[in-house]
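Working notes, structure below.
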Amino acid sequence: MFLVNAKIARWLLRCRRTLCFSPPSGKASSSRLVLGIETSCDDTGAAVLDETGAILGESLHSQKEVHLRTGGIIPTVAQQLHRENIERVVQEALERSSVTPGQLSAVATTVKPGLALSLGIGLEFSLRFVRQHNKPFIPIHHMEAHALTVRMLQPVAFPFLVLLISGGHSLLAVARGVDDFLLLGHTLDEAPGDTLDKVARRLSLIKHPQCSTLSGGQAIELLAKDGDRTRFPLTTPMGQTYDCCFSFAGLRNQITMTIMKQEAEEGVKQGTLLTCVNDIAAATQHTIATHLAKRTHRAILFCKAKGLLQSNSPTLVVSGGVASNQYIRKALTLITEMTGLHLLCPPAKFCTDNGVMIAWNGVERLREGKGILPPNVDVCYEPKAPLGVDISAEVKAAAIRLPSVRMKIPN
Ligand code: KG4
Ligand code: ZN
C-alpha cells in the first residue's frame with residue numbers, strides 16, 4: 001500500500017545515519033528513538049520510546065467525559081478536541097522524555113482504521129512535523145499496534161493467536177510477523193465495546209452514582225459484580241455458525257427488549273435507572289464473554305489443526321479496550337486452560353488507546369526496516385482497513401464443532 005519507489009530508496013540511503021543512531025541527551029538512552037502519535041478515535045496520545053521499549057515520556061488526553069455527556073462520539077467534536085490538544089500532547093511527551101525533535105529516529109502515527117476526521121488531525125500534524133524536522137515517517141495500522149503491544153512488555157515470539165476487542169473492532173488473527181497477519185474472523189456488525197457503550201447508554205448508567213465517569217464497558221463490569229447473570233437469560237449469538245466471526249447487534253436487540261419489558265413492569269420511562277441494572281449488566285457481560293470465548297475456542301482448534309501456532313508454547317494474546325474486562329479475561333482463561341494455550345493480556349492501561357502502542361509499533365517496524373517513508377511522501381488515512389490476509393472463508397469451510405463447555409466463569 002505504501003509504495004517505496006527508487007526516489008524514496010535513495011532518500012532512505014541518505015538518511016541511514018539518522019535511522020541508525022541518534023544519541024540524545026537527558027533521560028534518553030543511546031538507542032534509536034521513536035515518537036508515536038495516536039488520534040484514531042477519541043484519545044489524543046503521544047509517547048517517545050527507545051528501541052528496547054522503554055517509555056521515555058508520554059502524554060494522553062482522553063475525550064471520554066465529553067462523549068459520555070453527549071451520549072456517544074460525535075466525529076466533529078472528536079476532531080475539534082484532537083485539534084485543540086495534539087500540539088500540547090506531543091510537546092508534553094517530548095518534554096517528559098527530554099528528547100528534542102532532532103534526536104528522533106522516526107515518527108509513527110496511526111493512519112488506519114478509525115474515524116476519518118480524527119485520523120486526519122493526527123496525520124496532518126505528523127506530516128507537518130516530519131517535514132519540519134526532516135524525519136522518516138512510519139504509518140501505523142491501529143489494530144497491528146494493539147496486537148504487538150504485548151511484545152513491548154515481554155518477549156512473545158511469532159506466531160501467536162490474537163483476539164482484539166475494542167469499541168470499534170473485534171477480530172481474531174494469527175500474528176506471524178510485524179506486518180504479517182492471517183485474519184480468522186471479524187465482527188459482522190458492531191464491536192463488543194460499542195455494544196457495551198450502547199447498552200450502558202440505554203440503561204442511563206451515567207445517572208448511576210458509581211458510573212458517571214466510567215465508559216460503558218467499565219460501568220457494566222462494575223455493576224455486573226453485584227448482579228445475577230441468570231435472571232435474564234440471553235442467547236449467545238451465532239450458535240449455529242461454525243466460524244470465528246462475531247455478531248453483537250442481535251444480542252443488543254435482545255437486551256433492549258429485556259430493558260423495555262422491565263421498564264413496563266416497573267412502570268418507568270426510558271431514561272430512568274431500573275432497579276435491576278446489576279442483573280442486566282451481569283447477563284450482558286456474561287453473554288458477550290461467552291460469545292468471545294466460543295469464537296476464540298474455535299480459532300484455537302483451527303490453528304492447531306493447521307499447525308499455525310508455536311508447537312512448544314502456543315499463545316493467545318488479548319488486547320483492545322474491552323480486554324481490560326476481568327470477567328472476559330476469566331472466560332478466556334477457561335478456554336486457554338482447556339486447550340493448553342498460554343494467555344497473555346497487557347495491563348489495562350496498555351489495552352486502551354494510547355501513544356505508547358503506536359510508538360512501539362514504530363520501533364518494531366524501524367528494527368525490521370518495514371514501511372519507513374521519507375518526510376515528503378504523501379500518505380492518506382484509511383477509515384476502513386482490514387488487518388492482514390482474510391482467511392475467514394477457509395475457517396468457515398472447516399466448520400469446526402466445539403466440544404460442549406460449561407461457561408462457569410467465576411465473578
Ligand atoms: O481500544 P479502545 O480504547 O478504543 C477503541 O479503539 O475502540 O477501547 C474502548 C472501548 C470502549 O467501548 C469501552 O467501553 C471499552 O473499550 N472498555 C471496556 C472496559 N474498559 C473499556 N469494556 C469492558 N470492560 C472494561 N473494563
Ligand atoms: Zn483501539
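The values are calculated or read from the model by the stated rules, or taken from the named source; none is laboratory data. Note that this is a predicted model, so its numbers are computed, not measured. All Cβ positions, even for glycine, are placed from backbone atoms using ideal geometry, and neighbour counts span all protein chains on display. Please note that ligands, DNA and RNA were not included when accessible areas were found on the heavy atoms of the full protein model with its side chains. Shrake-Rupley method; radii C 1.70, N 1.55, O 1.52, S 1.80 Å.
Just a few scattered comments:
- Taking the criterion of being of a type in the set (Ser, Thr, Tyr) and either open to solvent by less than 10 Å² (accessible area, probe 1.4 Å) or closer than 13 Å to residue 81 by Cβ (or both), the residues of segment 30-60 that qualify are 39, 40, 44, 59.
- Selected residue (only one of 254, 262, 240, 270 is part of a loop (DSSP other than H, G, I, E, B), modelled with pLDDT of 95 or more and either at positive phi or assigned by the TED database to the domain that holds residue 330 (or both)): 270
- When residues of segment 193-228 are limited to those that are of a type in the set (Ser, Thr, Tyr) and open to solvent by 40 Å² or more (accessible area, probe 1.4 Å), the one nearest to ligand 2 (Cβ to nearest atom): 213
- Matching residues in segment 352-389 - criterion: being within 16 Å of ligand 1 (Cβ to nearest atom) and of a type in the set (Lys, Arg): 384
- Restricting segment 35-93 to residues that are among the basic types (Lys, Arg) and at pLDDT 95 or above, the residue that is farthest from residue 367 (Cα to Cα): 83
- So residue 349, is it within 16 Å of ligand 2 (Cβ to nearest atom), open to solvent by 10 Å² or more (accessible area, probe 1.4 Å) and either part of a helix (DSSP H, G or I) or assigned by the TED database to the domain that holds residue 144 (or both): yes
- Of the helices (runs of 4 or more DSSP H) lying entirely inside segment 79-168, those containing at least 1 residues that are open to solvent by 30 Å² or more (accessible area, probe 1.4 Å) span 116-133, 150-153.
- Candidate set: segment 172-192, residues that are among the β-branched types (Val, Ile, Thr) and in a strand (DSSP E or B); chosen: the one least open to solvent (accessible area, probe 1.4 Å): 174
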